[in-house]
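A short worksheet on the structure shown next.
The values are calculated or read from the model by the stated rules, or taken from the named source; none is laboratory data. As the structure is a computational prediction, the values presented were derived from the model and not from experiment. Note: ideal-geometry Cβ built from the backbone for every residue, glycine included; neighbour counts use all protein chains shown.
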Amino acid sequence: MDDLTLIVSAEEQRLAAALTALCQSIARWTEAGERCDTAVPGLSLFRRVAPTELVCGIYEPSLCMVTQGAKRVFLGDDCYVYDPQNYLITSVHLPTLVQIHEASPEKPYLGLRLTFDQREIAQLLADSKVPLPRTQSSSRGMATSRITLPLVSAVQRLVDLLDDEKDIPVLAPIIQREIIYRLLVGEQGARLRQIAVAGSQSQQIARAIEWLKGNFTKSFRIDDLAAQARMSTSTFHHHFRSMTALSPLQYQKNLRLQEARRLMLTERLDAASAAFNVGYESPSQFSREYNRLFGAPPLRDISNLRRSVVVEQSP
């Protein structure tokens, strides 16, 4: 065995040990339930003891890691799988279909999500000379990459702060900044850098997504949205679909339907009221599109959800 093989083997052993330690930490903090929203801003921990059905969910800008089990996310025609060897990174809000496909009582799914926003990324880029990342082959707002020891170590130190919460206000921002740095210099760094650089096409699309997310009940013209992004309509449409795998109108429709589902499930609105609340003018059109997205008409879908427990959104 040559020296290089020994070095690689030792590095793999250190990474395996770090992942085991992080797995144990998540297991300890999720003993009481499936989800733990921690005292660290943006950090949530998750446990599931069985595979789940495909469910709709909105992935927000975040880092998602799994230390045991595996999960898959469908964005348009693309499928992203993340597990203890691969993390998932999302740079904008994206409507997805998600499924935990490896979990059992003996080896539960254990994972975490750490959210961030482009202001944090932009601030780090402005404050320091972050090395240029490797190039990326896709402009999608979601990707998976291989886990690295420095990233796992930084995340472990963030989770360790939960043992002494008085340290969180001072130390959590420092460690979160390191995590963003690790992502910026990693394989997906270009993806994060693009949405934070003022004037870039990716940042303009990210702003359009934020506008849609906050105004999805309103009608809009794609020409006007493109003009706000300072692009031609065709260029805007191309870049929007490239990042989200959806057209702007499909994106809006997905947000409307997911919010309507939430209103019916948690606030017990009837289907017609939920439809009008999210911007639909025709209850019949709402029912058709709801059935197409969720696989059942509103009344049956909500009844099924109430029988099977409220849908949980986890990373």
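Among the helices (runs of 4 or more DSSP H) confined to region 114-210, the ones with at least 1 residues that are surrounded by fewer than 18 Cβ atoms within 10 Å (Cβ to Cβ), over 21 Å from the mean Cα position of the chain (by Cα) and modelled with pLDDT under 85 are located at 118-127.
Report, by residue number, each residue of region 33-86 that is basic (K, R) and under 16 Å from the mean Cα position of the chain (by Cα). Selection gives R35, K71, R72.
Within region 258-286, the set of residues being assigned to a helix (DSSP H, G or I), over 15 Å from R300 (Cβ atoms) and hydrophobic (A, V, I, L, M, F, W, C) comprises L263, A272, A275, F276. The residue of region 244-288 that is surrounded by the fewest Cβ atoms within 10 Å (Cβ to Cβ), among those that are in contact (Cβ under 8 Å) with a residue 24 or more places away in the chain, under 27 Å from D223 (Cα atoms) and over 24 Å from the mean Cα position of the chain (by Cα), is N277.
Restricting the search to region 232-243, which residues are farther than 20 Å from S219 by Cα and surrounded by 17 or more Cβ atoms within 10 Å (Cβ to Cβ)? It would help to see each step written out before you state the result.
Of region 232-243, the ones farther than 20 Å from S219 by Cα are 235, 238-239, 242-243.
Answer for region 232-243, where residues must be farther than 20 Å from S219 by Cα and surrounded by 17 or more Cβ atoms within 10 Å (Cβ to Cβ): H239, M243.
The criterion of at least 1 residues that are among the charged types (D, E, K, R) and within 30 Å of F216 (Cα to Cα) is met, among strands (runs of 3 or more DSSP E) falling completely within region 22-76, by 35-37, 70-75. For region 90-113, the set of residues classified as at pLDDT 95 or above and within 11 Å of the chain's Cα centre (by Cα) consists of L112, R113, listed by residue number. For region 218-243, a residue qualifies if it is touching a residue at least 40 places away in the same chain (Cβ under 8 Å) and assigned to a helix (DSSP H, G or I), and the qualifying residues are H239, S242, M243. Scanning region 77-108 for residues that are in a loop (DSSP other than H, G, I, E, B) and without any contact (Cβ under 8 Å) to a residue 60 or more places away in the chain yields A103, S104, P105, E106, K107.
Within region 216-236, the presence of a residue that is among the aliphatic types (A, V, I, L, M), closer than 19 Å to S62 by Cα and at pLDDT below 95 is excluded. Only residues that are under 18 Å from R292 (Cβ atoms) and hydroxyl-bearing (S, T, Y) were counted in region 245-276, giving 2.
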